[in-house]
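J.: Here you go, one structure.
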Amino acid sequence: MYNSISNIKSWTKKLGDAYSILLTAGLGLNILTMTTNWLMAFIAIETVSISSYVLVGFFSESKKQSEAAMKYVLFGSVSAAVMLYGLSLLYGFTGNLDFTAFEHIQGLIEAPKILLTVALLFMFAGIGFKLSFVPFHVWSPDVYEGAPTPITAFLSTVPKVGVLVLLARLFEEWTSSSFYFSELVLILISVAAIVTMLAGNLIALRQTNIKRMMAYSSIGHTGFLLMAIVGNLASEPQVLLYYIAVYTLMNLGVFGFIDVLERRIGSVQLEDYKGLGKNYPLLFSAFTVLGISLVGLPPTAGFVGKLFVFTSIFDLFQFNNNPYYLILLITGALTSVISLFYYFKIPLFAFLRKGEEKETSSVADTKVVYVLSIILGIAILMLGIFPGILLSLFK
Amino acid sequence: MSAWLYGQFDSSLNGINHLQGFQFIEQLPWIRLDLGSLGKLEIDYFLGVDGISLPLLILSAFVMLMAIGASWNITKNAKGYFALLMLLNTAVMGIFCALDFFLFYIFYEVMLLPLYFLIGIWGGANREYAAIKFFIYTLFGSVFMLLVIVGLYFSVTNPSTGAHTFNMLHMMNPENYVDGSFFAYLNNYYEVQGIPARMLGFIVLFVAFAIKVPVVPFHTWLPDAHVEAPTPVSIILAGVLLKVGGYGIIRVCYSIFPDAAAQANWWLALLGIISILYGALNALAQKDLKRMIAYSSVSHMGFVLLGVAALTAEGISGAMFQMLSHGFLSAALFFLVGVIYDRVHDRYIYNFRGLATHMPAYTGFVAVAFFASLGLPGFSAFIGEAFVIIGTFNAESVGTGIPRWMAIAGSVGILLSCLLFSVDLTAYVFRTDTLQRW
């Protein structure tokens, strides 16, 4: 289901270990998406987290990369501890760890409100760390910047997808039951989505390092994905799955290009992309397509995904006229305008500005990633024009 | 390579034109997705041409041809240039033909991208700023348009299949609205901050198109874009793209929200008047030839808005006529500016003193274009503006709520633009005292 492994193929150092760690992460993710049991979910999240720590730290060569790995581990283990504490409280209240079970909901209804709120907030802190929504996002730019690009591609997509599926399942379960927190969950997720979209996109404007920029962009997209989770109430899971799939493809493509460029020109600064559109017309055209898709402009898959999410949120709004939905819609629309500014820095530097002639080495082992990313770019375009292909797959 | 593209471009253009000139053409199937509880997603590839879009199609074909003619001097990456120009042409033609709102939106957005690159890569010194400003302005309008489109989608059903639809023709028919839905005609209790939902939808759509027209509070991107854009892109921008806004207002705002339009038309007319006067006054003060024409475009497009807001037959046909006439005239004006700019690389009016003695034939063309745009009888702009003014005068007697003083203000606008062009012509072009050496 999650095909990120390809991006790492061209990494040379101790490949065997990396593959086994990736497989472990894959195992954790598969469990995560299938379980409804809190303990299983926790174990799965930890499996994924620990393998990501290893992946980030494993390839670290410079001091900065080690720092990123260290930061990641510290943040991760604190939030895991907090989540575990919340979990133990929940178990104490309900005596059941399956969050779809009747006893579990029953226990939640009867539990003392304040303590329960604390426990649930702890849980959300744990989930929020993995999804990196505001205010649990601080680790991600540093880690994204410090980690090697293929790992960043992995981090920005795969663990997020797994936790999102869990959260969507949880959200659906709790909002349909009638304990007091269910309304609160909706507000909590909506507010988190709004703040995350705004913060991610606004901070991304100021970035000059493309990996850091993509980190904030992916925070912004997390906000949008949270919105998709809210919208999931109204529609079939296809909408959420479509957006997730498209998001994964877009991000993998973008990081693929970043990786290729990093190895050919030795830089991840936007400044250094100046005038490169002439040297790599195909690469930057596809890069621009991906950027357009990330903004959510037609005729790309990102647009269709965005449209579906808007549609489902609007459906909810029409159904019960909750102002939160309207604010969500407006924020979603507004942030896509904001995001245009920074995604368009890529073609701006590559095509519009003139750069001095640079030595560009055509490294043979970037070919695979290069071709793969181009294919992803084309796929994004095709899925935008014919979204039916992917949607019928999710049926 | 560019010559080959040119040939390709030319023939395809004519082909499209002839084909659609003869009759209405509709094509149907595109995306039909079953979204479970969201219902069926009905998106059609639905094109058609009627009396509003056909003249604009011919206009855009013609202006595109002129733009290609003006691009002979483009040497920088000609392949990419013509490819983008063709993409732009496709999108514009698509907008004028689309009868499915989703399709319309896609063409509307696709139009932005080539234009961004055309201005951004082949533009003048300050091109990056102009390109991104243009893009942001338009995108800001259109993302909110997307929300309204989604809202409309939920309010309208296709009478034959019962599913929700993006079909604009169904949106125009009040019977297709679902009772109690967000944009419903009847039983509509939705309000946002005290504004009824249908009015809100109208305003959002109007703002999206007003940015394109451009109507005065949203016009600031236009002078920048015009000044920085290369001549052919200026021609297209003034000749065709501004018409997209006017077309959108007539086709989308007025046809889908006629009730809201009837309530809001006083304000629209006021905005039109402000655009006419403000644009003309601004144009008077400009030293840069392109900037001057850009502001006079704002003024001329104000007539379109005024005519549409009058809600009388004369007003709307006047607005249509004005759009066409302005399309040709502004294209001609920018073409002329481009001709002189290619030779001297200067656009300051002051430096063109005594032009008549150097280039008599050119001056003749300039004089014709200037007189035509100031609305002299015998030229197309006169008919457009006269009809708009007549329509606005009649509006009070017909009872659409546009007071007469607005028509008078519109006439003052004509006077101002008359002043503008004749001052430029007499004060600079025909003067002989200072000779410019080039």
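The values are calculated or read from the model by the stated rules, or taken from the named source; none is laboratory data. Since we're looking at a predicted model, the values are computed, not measured. Backbone-built Cβ (ideal geometry, glycine too); neighbour counts: all protein chains shown.
J.: Would you be able to say whether some residue in segment B:119-136 is among the basic types (Lys, Arg) and at the interface with another protein chain (Cβ under 8 Å from one of its Cβ atoms)?
T.: Step one: of segment B:119-136, the residues among the basic types (Lys, Arg) are B:127, B:133.
Right, trim to at the interface with another protein chain (Cβ under 8 Å from one of its Cβ atoms) and you get B:127.
Within segment B:119-136 (the criterion being among the basic types (Lys, Arg) and at the interface with another protein chain (Cβ under 8 Å from one of its Cβ atoms)), the answer is yes, since at least one residue qualifies.
J.: Show me the helices (runs of 4 or more DSSP H) entirely contained within segment B:229-301 in which 2 or more residues are within 21 Å of B:Leu87 (Cα to Cα).
T.: Correct list: B:231-236, B:242-248.
J.: Look through A:Thr335, A:Thr288, A:Thr331 and report the one residue that is more than 7 Å from chain B (Cβ to nearest Cβ), touching a Leu at 6+ places or on another chain (Cβ under 7 Å) and surrounded by fewer than 24 Cβ atoms within 10 Å (Cβ to Cβ). Talk me through it step by step, then tell me what you get.
T.: Working: A:Thr335 fails: surrounded by fewer than 24 Cβ atoms within 10 Å (Cβ to Cβ); A:Thr288 fails: touching a Leu at 6+ places or on another chain (Cβ under 7 Å).
Selected residue: A:Thr331, the only one of A:Thr335, A:Thr288, A:Thr331 that is more than 7 Å from chain B (Cβ to nearest Cβ), touching a Leu at 6+ places or on another chain (Cβ under 7 Å) and surrounded by fewer than 24 Cβ atoms within 10 Å (Cβ to Cβ).
J.: Another question, if that's okay. So, restricting to helices (runs of 4 or more DSSP H) that lie completely within segment A:112-200, which ones have at least 2 residues that are hydroxyl-bearing (Ser, Thr, Tyr)? Give the steps one after another, and end with the answer.
T.: Values: elements: A:113-131, A:139-146, A:149-176.
It comes to A:139-146, A:149-176.
J.: Let me ask something else. Considering only segment A:65-80, state which residues are closer than 10 Å to A:Val143 by Cα and polar (S, T, N, Q).
T.: A:Gln65, A:Ser66
J.: Can you tell me which residues in segment A:205-238 are among the small types (Gly, Ala, Ser) and under 15 Å from the mean Cα position of the chain (by Cα)? Before you say what the answer is, go through the steps one by one.
T.: At the first step, the residues of segment A:205-238 found to be among the small types (Gly, Ala, Ser) are A:215, A:217-218, A:220, A:223, A:228, A:231, A:234-235.
Correct list: A:Ala215, A:Ser217, A:Ser218, A:Gly220, A:Gly223, A:Ala228.
Yes or no, residue by residue, for (1) modelled with pLDDT under 80; (2) assigned to a helix (DSSP H, G or I); (3) of a type in the set (Lys, Arg):
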{"residue": "A:Thr12", "(1), (2), (3)": "yes, no, no"}
{"residue": "A:Tyr19", "(1), (2), (3)": "yes, yes, no"}
{"residue": "A:Ala41", "(1), (2), (3)": "no, yes, no"}
{"residue": "A:Glu46", "(1), (2), (3)": "no, yes, no"}
{"residue": "A:Ser51", "(1), (2), (3)": "no, yes, no"}
{"residue": "A:Val54", "(1), (2), (3)": "no, yes, no"}
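J.: Residues of segment A:78-95 being assigned to a helix (DSSP H, G or I) and free of Cβ contacts under 8 Å to residues at least 24 places away in the same chain, which ones? Walk me through it before giving the result.
T.: Just the residues of segment A:78-95 that are assigned to a helix (DSSP H, G or I), to begin with: A:78-94.
Once the filter is applied, which keeps residues that are assigned to a helix (DSSP H, G or I) and free of Cβ contacts under 8 Å to residues at least 24 places away in the same chain, segment A:78-95 yields A:Val78, A:Ala81, A:Ser88, A:Gly92, A:Thr94.
J.: While we're on this one: Given the structure, is A:Tyr325 closer than 30 Å to B:Thr90 by Cβ, in contact with a Ser or Thr (Cβ under 9 Å, 6 or more places away or on another chain), of a type in the set (Ser, Thr, Tyr) and more than 10 Å from chain B (Cβ to nearest Cβ)? Give the steps one after another, and end with the answer.
T.: Values: closer than 30 Å to B:Thr90 by Cβ: no; in contact with a Ser or Thr (Cβ under 9 Å, 6 or more places away or on another chain): yes; of a type in the set (Ser, Thr, Tyr): yes; more than 10 Å from chain B (Cβ to nearest Cβ): yes.
Against the criterion (closer than 30 Å to B:Thr90 by Cβ, in contact with a Ser or Thr (Cβ under 9 Å, 6 or more places away or on another chain), of a type in the set (Ser, Thr, Tyr) and more than 10 Å from chain B (Cβ to nearest Cβ)), A:Tyr325 does not qualify.
J.: What is the number of the single condition among (1) more than 14 Å from chain B (Cβ to nearest Cβ); (2) in contact (Cβ under 8 Å) with a residue 24 or more places away in the chain that A:Glu183 does not meet?
T.: (2)
J.: Report, by residue number, each residue of segment B:269-317 that is hydroxyl-bearing (Ser, Thr, Tyr) and within 17 Å of the chain's Cα centre (by Cα). Walk me through it before giving the result.
T.: At the first step, the residues of segment B:269-317 found to be hydroxyl-bearing (Ser, Thr, Tyr) are B:275, B:278, B:295-297, B:299, B:312, B:317.
If the condition is that a residue be hydroxyl-bearing (Ser, Thr, Tyr) and within 17 Å of the chain's Cα centre (by Cα), then B:Ser275, B:Tyr295, B:Ser296, B:Ser297, B:Ser299, B:Ser317 are the ones that fit.
J.: Do you know which residues across segment B:92-118 are assigned to a helix (DSSP H, G or I) and more than 10 Å from chain A (Cβ to nearest Cβ)? Give the steps one after another, and end with the answer.
T.: Going residue by residue through segment B:92-118, those that are assigned to a helix (DSSP H, G or I) are B:92-97, B:101-118.
Those that are assigned to a helix (DSSP H, G or I) and more than 10 Å from chain A (Cβ to nearest Cβ): B:Val92, B:Met93, B:Gly94, B:Ile95, B:Phe96, B:Cys97, B:Phe101, B:Phe104, B:Met111, B:Pro114, B:Leu115, B:Leu118.
J.: Among (1) in a helix (DSSP H, G or I); (2) crowded, with 24+ Cβ neighbours inside 10 Å; (3) at the interface with chain B (Cβ under 8 Å from one of its Cβ atoms), there is one condition A:Phe341 misses while meeting the rest; what is its number?
T.: The single condition A:Phe341 does not satisfy is (2).
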